[in-house]
Amino acid sequence: MRLVRTLAVLLCSLGSLSPALADDSQPQVADAPTASAAPLTRADVEAWLDGFLNYELQRGDIAGGVVVIVKDGEVLLQKGYGYADVENRRPVDPERTLFRAASVSKVFTDTAVMQLVEQGKLDLDAPVDQYLDFKISAGFDKPVTMRNLITHTAGFEELLRGLMHSDPKEFSGLEAFVKNSNPARMFPPGEVPSYCNYCLALAGYIVQRVSGESYEDYLDRHIFEPLGMRHSTVRQPLPEKFAADLSKGYRLGSGPAWPYFELVGPGPAGSISATGADMARFMIAHLSAKEGTAPALLKPETARLMHNSTFQATPPVNGMSLGFFEANRNGQRILEHGGDTQVFHSQLSLFMDQDVGVFVSFNSTGRAGAVHGVRSGLLEQFTDRYFPAPVPDEPTAPTAVEHSRLVAGRYQSSRRAETTLYAAVGMLSQVTVGAEADGTLIIPALTGLNGQPKVWREVAPFVWREVGGKERLAAKIENGRVRFLGHDSSSGIQVFIPVPTGQSAGWIIPVVLVSAGCLLLTVIAWPVAALLRRRHGLAFESTKQQTLARRLVCAAAIVDLVFVIGWAVLLQSGLSDLTLFDGRADVWFVSLYLLGFIGMIGAGIAVWNAWLSLTGARRWWSKTWSVVLAASCVAIPWIAFTLNLVRLDLYY
């Protein structure tokens, strides 16, 4: 659910391949040779998976996982790997072991929405306000619709508070979450994809209100029971009857188990616990629904509407259907959804034209986040092995150099916040797009499995292809300027938007670091200078005003340093354990807010001290340093204020 993790999970690549030269007068598109497809049989896929996963789990220090593959309405393979409980050596059982599938829950919520659309109880394009008993945040002239909610285009900003809980006593449930959170709106509805847990929580709450059943009861009665998913639930805390079969979660497979059941605040966005075998039933139902062979889930016309209605922010790159993200590869139409808690990592992929589905889930993050590479690598290699296609070898567009210069710059994710402290996380997560002399683009944040940045070559106006790979990058241009960039792996989740100069990390981070360095030198230098003067019997001549100002500005410097260090520690700790944002850390937020306000007063004192120094009989270096110190004391609280790190409330 975190922005940095979202990038690590979604990005993938193939090996490098030099671009081919083409005749400018008669451009031709040539394809590299393609290996023949392996037979998609149980014997072949099991042998391949055993070799792949047994090595990768050990190498990545991942405790265990489950893989389920369905084909033509039947289970081709379901198999557990490693351990569900390392300490007690309990192996993963695909029939019994429950995994937290996190955001894969969203497709269950989306399916529930489509069932109610099918019954005429919901209108995808009606304002959601008509289904709610409270008003969502105001903004823009267009209303938010159910279609916007399930395609992540409602325009809400990201929230941290209440996203994850560890204590059931502090877990307030769905209605309290949607009413208490109610985030601000950043974008006009239906225009900009911005992955949104609140959107799906709101959709689940609407399902609850329109159906007259609780969200949990609705899924039990209308999805789990009809499909025979007897070992699945969205209830939190986990019902006692499932507790013994739940896999433990781990940061590292060799480390201790995660100490608590992760309670997801926006339940419809991430609360499901399910076995691999049950996920097979769900995949088969979706794959079969479009042909009318799964009436228990959706009618054929509803399934086709859900699967085929695609929003593309930056055509021709992948977009999003009504609930599923497009992950098209090798000419295959693939709908998928991933999910990550802090220790569980899952992915569901449907090969719509092949009647094939794949579900994987792992119970550990692994060494250096190894699970993300394992998950994406497994699905890439599965596609390349059983549905191979050549790497496109397209000629370079003649506009490559010109367009690369136009799009070069600094960008921020659309999945961010503007009115909460998450704005600081967004600032730290900005990415740069660099234009090379040959017209190729390099985006350091978009790396391959080898850890190296991918290289992008323009193959059509404002469309780039990964050099030696199959992913695409595209820009949406309006009035001769870049509105945003999207790429195949995440364009349904987020796009990259140009950063205004005033919000650029390119100057904010250096200013904060230099200012903090100046403050630190000041705090160290003043007592050292005092000791040296005392040792050598030197007097420091100053007026009472100057002495008072010096002492106060030293205190202000200490406050600013504690403020900067405190926020760095708090954000790092919270992003490592999201339950810190369930209210337990509020006293620390209040303390830092208070320090921020004191820092603002300190900025005024620092300016006063600089004025006294400049108008007094000080040496030039003392006057210069007083100005530098004043600038530092002003910069820290000012930047903090613009990043919402100084507030009068606990809304984050």
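The values are calculated or read from the model by the stated rules, or taken from the named source; none is laboratory data. Because the structure is a prediction, the values reported are computed rather than measured. All Cβ positions, glycine included, derive from the backbone under ideal geometry; neighbour counts span all protein chains shown. To get the accessible areas, we keep the full protein, side chains included, count just its heavy atoms, and leave off ligands, DNA and RNA. Shrake-Rupley method; radii C 1.70, N 1.55, O 1.52, S 1.80 Å.
Tabulated data for the structure shown
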quantity: Rounded to 10°, Cα long-axis angle of helix 105-118 versus longest principal axis of the chain; calculated: 60
quantity: Net charge contributed by nearby residues that have their C-beta within less than 14 Å of PRO183 (K/R +1, D/E -1); calculated: +2
quantity: Inter-centroid distance (Cα atoms) of the range 599-638 relative to the range 291-320, Å; calculated: 62
quantity: Packing-based order for 253-263, 574-584, 103-113, using average beta carbon neighbours within 10 Å, highest first; calculated: 103-113, 574-584, 253-263
quantity: Computed E for TRP507/PHE641 - FRET, C-beta separation, R0 25 angstrom, nearest 0.05; calculated: 0.95
quantity: Links that overshoot a 23 Å alpha carbon limit, given the list LYS106/LYS299; LYS121/LYS299; LYS179/LYS248; calculated: LYS179/LYS248
quantity: Residue-wise HN-Hα coupling along the range 468-484, computed from phi with Karplus coefficients 6.51, -1.76, 1.60 (Hz; x: Gly, Pro); calculated: x, x, 10, 6, 10, 10, 9, 10, 9, 10, 9, 6, x, 10, 6, 7, 6
quantity: Relative packing of peptides 502-513, 272-283 - highest average C-beta neighbours within 10 Å first; calculated: 272-283, 502-513
quantity: Correct choice for P(r) over Cα pairs in 20 Å bins from 0, in percent that was computed from the model, options [x] 17, 41, 29, 13, 1; [y] 19, 55, 24, 2; [z] 18, 47, 27, 8, 1; calculated: [z]
quantity: Residue order for GLU170, GLU458, GLU436, GLU240 - accessible surface, 1.4 angstrom probe, largest first; calculated: GLU240, GLU170, GLU436, GLU458
quantity: Angle between the chain longest axis and helix 42-60 axis [Cα atoms, degrees, rounded to 10]; calculated: 20
quantity: FRET efficiency estimate (nearest 0.05) - Cβ-Cβ, ILE565 to GLN452, R0 45 angstrom; calculated: 0.85
quantity: Accessible area of the chain belonging to carbon and sulfur atoms, whole % at 1.4 Å probe; calculated: 57
quantity: Evaluated at q = 0.10, 0.12 Å⁻¹: base-10 log I(q)/I(0), Debye formula over Cα of the range 482-635; calculated: -0.52, -0.68
quantity: Listed residues ASP560, ASP50 arranged by accessible area, highest first, probe 1.4 Å; calculated: ASP50, ASP560
quantity: The range 549-629: relative contact order in percent, alpha carbon pairs under 8 Å with at least 6 residues between; calculated: 41
quantity: Percent of beta bridges antiparallel (DSSP, the chain, rounded to nearest 5); calculated: 95
quantity: Full-stretch length increase - LEU406, ARG535 - with 0.36 nm per residue and alpha-carbon distance subtracted; calculated: 40.3 nm
quantity: Nearest 10 degrees, 0 to 90: helix 544-576 Cα axis against the chain principal axis; calculated: 10
quantity: Residue-normalised accessible area of the range 105-235, given per residue in Å² at a 1.4 Å probe; calculated: 34
